[in-house]
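Chemist: What follows is a structure written as structure tokens; I'll ask about it next.
Values in this text are rule-based calculations from the coordinates and carry no lab data. Nothing here was measured: the structure is a model prediction, and the numbers come from that model. Here the Cβ positions follow ideal geometry from the backbone for every residue, glycine too, while neighbour counts run over all protein chains shown.
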Amino acid sequence: MSYYTGRTMSSHGATWNRVPLNIGEVTLGEYLANTGRSLALAGKTHVIVDDRGIERMNLIARNSELAARFATGHFVELDRYDGHHEPGKESGYPAYLRAHGYDSARPWSDFVISVEDDRLQPHSGWKMRNVHWPARVAEQHSETAYMTDQAIRHIEHEGDTPWALHLSYVKPHWPYVAPRPYHNLYSLDQCLPLQRRHTELADAHPVLRAYREQEECANFAREEVSNKIRPVYQGLIQQIDDHLGRLFDTLEKLGRFDDTLIVFCADHGDFLGDHWLGEKELFYDTVQRVPMIVYDPSPRADGTRGTCEQRFMSNIDIVPTVLDALSLPGCNERIEGRSLLPLTRGEPVTDWREFVVSELDYSFRQARLTLGRQPGECRGWMVRNARWKYVHWLGYRPQLFDLASDPHEYADLGADREYEPIRQVMHRHLGEWMAESKTRVTLSDERVRETTNNHKSKGVFFGEW
């Protein structure tokens, strides 16, 4: 939702997968809706419609066209496929699978996330012990291949008509199942090594300790588990790479590389055993430092091509970057990110952000129950600059990591008295960030400038002698 709105979690309020996006929030699709270009989504989105908001505003019936646009973030869903359970009517994938010979009432469960052992016997891919075997679905019919096909078909259909496409892959993601040949394309020694030390378990922060008791973390803490998953996960990444090659070949063939802004990013990494954790939450760089590759087709960006930008990016920067590329209003009263185009085009920027912030609401997780916390008490905020990472936990001591001497974040300095001055500086950064949240979103900055100090023109004369 932060990618869609250009706003932080504290501002837009969708703090977890199950939380609807407030109907008052404006998404990238809505910003682009009146620009004369088609808007399409292929894949995962997690937009949850704000039914209660619609009812309160008495908009129109739940099945109306307007309500439908709110339910999809104003994108037309070519094929919506969130990949957590058997797809429903929102996706054509089940029918596609049946048409290609996967005869089942539940083809996703029975073929896509099921594997086949050496004796051709099926096993569930939900059980991580099985994922070294290949998926029962052929690679050309897999999730990644299917969604790439949807995107290519749409781009070819649109021709020279301006379009915007959100192609959102499910993989790499649990269930950690890969089709041939990607299931065993890599060996363990070709994967990143585990990043963890036993010292991390001694006097661990209460929230981390509670997380490590969750089933996925307790399992990934065992090398047997992480060793089995990591090569498959690497294969799933390779599969994404290969199918993006198909997509880019299509853009080249159609001449669209010359006028298409491309942003490749991810919403999180995966611990896979790092720091004795599984899944994707908390504030380690393992899951926080996600890809952000921007291809700016403008000739003005030729001077920076192939370079690595060291300044801090955030997922809230995508919306303002797209609006800037299309010369659309920046909506600065609402959007909290910044356009990346001055950086891609090598323009002098003297006031770029010195730190980034990330947020967590763990109220839906078992950790909340383990800690005996109420839903409103389960929040954390991370502030990271070039050297330090500081985490403020509601109701618990903070965490602090020196990324210069401890880049893998093994030594938590959050309770060390020597570093209290550093913690105070980082906490002030968090306060600065919160103070800059965009809360006046119903009136533009331009309108504020137009109406500043004009009360006398409206017949209001307070304060005169």
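Chemist: Rounded to two decimals, what is the ratio between the C-alpha radius of gyration of segment 1-67 and 2.2 N^0.38 Å? Walk me through the numbers on the way to the answer.
Modeler: On the way: Rg = 12.6 Å, N = 67, 2.2 N^0.38 = 10.9 Å.
Taking the Cα Rg and dividing by 2.2 N^0.38 Å, one obtains 1.15.
Chemist: Can you quote the Å³ per residue value for the convex hull of the Cα atoms in segment 260-368, rounded to an integer? The partial results should precede the final answer.
Modeler: Details: hull volume 15.4 nm³, N = 109.
Here the figure is 141 Å³ per residue.
Chemist: Exposure proxy check: F283, F271 ranked by fewest other beta carbons within 10 Å? Can you show the working numbers first?
Modeler: Values: F283 23, F271 26.
Ordered from fewest to most neighbouring Cβ atoms within 10 Å, F283, F271 come out as F283, F271.
Chemist: Over the chain, what relative contact order in percent results from Cα pairs under 8 Å that are six or more residues apart? Before the final figure, lay out the partial values.
Modeler: Numbers: 721 pairs, mean separation 58.3, N = 465.
Contact order relative to length: 13 percent.
Chemist: Along the charge dipole of the chain, pointing to its positive end and built from +1/-1 on Cβ of Lys, Arg, Asp and Glu, which listed residue (L360, L78, A411) has its Cα farthest out?
Modeler: Positive-most Cα among the choices belongs to L360.
Chemist: Which of the trypsin sites (Lys or Arg not before Pro) across segment 328-406 are loop residues per DSSP, with 12 or fewer other Cβ within 10 Å? Numbers along the way, then the final one.
Modeler: Details: sites: R334, R338, R345, R353, R365, R368, R373, R379, R384, R387, K389; in loops: R334, R338, R345, R353, R365, R373, R387.
Those satisfying the criteria are R387.
Chemist: Tell me which DSSP H helices of the chain clear both cut-offs, 18 Å or more of axial length from alpha-carbon atoms and a mean Kyte-Doolittle hydropathy of at least -1.0. Display every interim value, and only then the final one.
Modeler: Working: long enough: 143-158 (23 Å, -1.04); 223-254 (47 Å, -0.52); 420-435 (22 Å, -0.67).
Those that pass (Cα extent of 18 Å or more, hydropathy at least -1.0) are 223-254, 420-435.
Chemist: When only C-alpha pairs under 8 Å and at least 6 residues apart count, what is the relative contact order of segment 354-452, in percent? Spell out each step's value before the answer.
Modeler: Details: 117 pairs, mean separation 18.3, N = 99.
Once divided by the residue count of segment 354-452, the mean separation gives 19 percent.
Chemist: OK, next. Could you give the distance between the Cα centres of segment 1-68 and segment 278-354, to the whole Å?
Modeler: Here the answer is 22 Å between Cα centres.
Chemist: What ranking do 72-80, 124-132, 251-259 get when scored by the average of other Cβ atoms within 10 Å per residue, highest first? List each step's numbers first, then the result.
Modeler: Working: 72-80: 20.4, 124-132: 17.3, 251-259: 13.3.
The packing order, highest mean first, is 72-80, 124-132, 251-259.
Chemist: Let me know the Kirkwood hydrodynamic radius for the chain, please, with Cα pairs as the basis and the value in Å to one decimal.
Modeler: Working: mean 1/r = 0.0408 Å⁻¹.
After inverting the mean inverse Cα-Cα distance, the result is 24.5 Å.
Chemist: Report, in deg cm²/dmol and to the nearest 500, the calculated mean residue ellipticity at 222 nm for the chain, where each DSSP H run with n ≥ 4 adds -39500 (n - 2.57) and the sum is divided by the residue count.
Modeler: Details: 16 runs with 140 residues, N = 465.
Dividing the helical sum by the residues of the chain leaves -8500 deg cm²/dmol.
Chemist: Let me ask something else about it. Could you give the size of the charge dipole of the chain about its Cα centre, using +1 on the Cβ of each K and R and -1 on the Cβ of each D and E, expressed in debye and rounded to the nearest 20?
Modeler: Taking the Cα centre of the chain as origin, the dipole is about 840 debye.
Chemist: So which chymotrypsin sites (Phe, Trp or Tyr not before Pro) in segment 137-194 are both in a DSSP loop and have at most 12 other Cβ atoms within 10 Å of their Cβ?
Modeler: Values: sites: Y146, W163, Y169, Y176, Y182, Y186; in loops: Y169, Y176, Y186.
Nothing satisfies the criteria.
Chemist: Under 20 Å Cα-Cα from K389, which lysines qualify once same-chain neighbours fewer than 8 residues away are excluded?
Modeler: K280
Chemist: Once every Cα of segment 330-465 carries one equal point scatterer and solvent is ignored, give the base-10 log of I(q)/I(0) from the Debye formula at q = 0.12 Å⁻¹, two decimals.
Modeler: Reported log10 I(q)/I(0), two decimals: -0.73.
Chemist: Need the C-alpha centroid separation for segment 111-169 versus segment 202-243, integer Å.
Modeler: 22 Å
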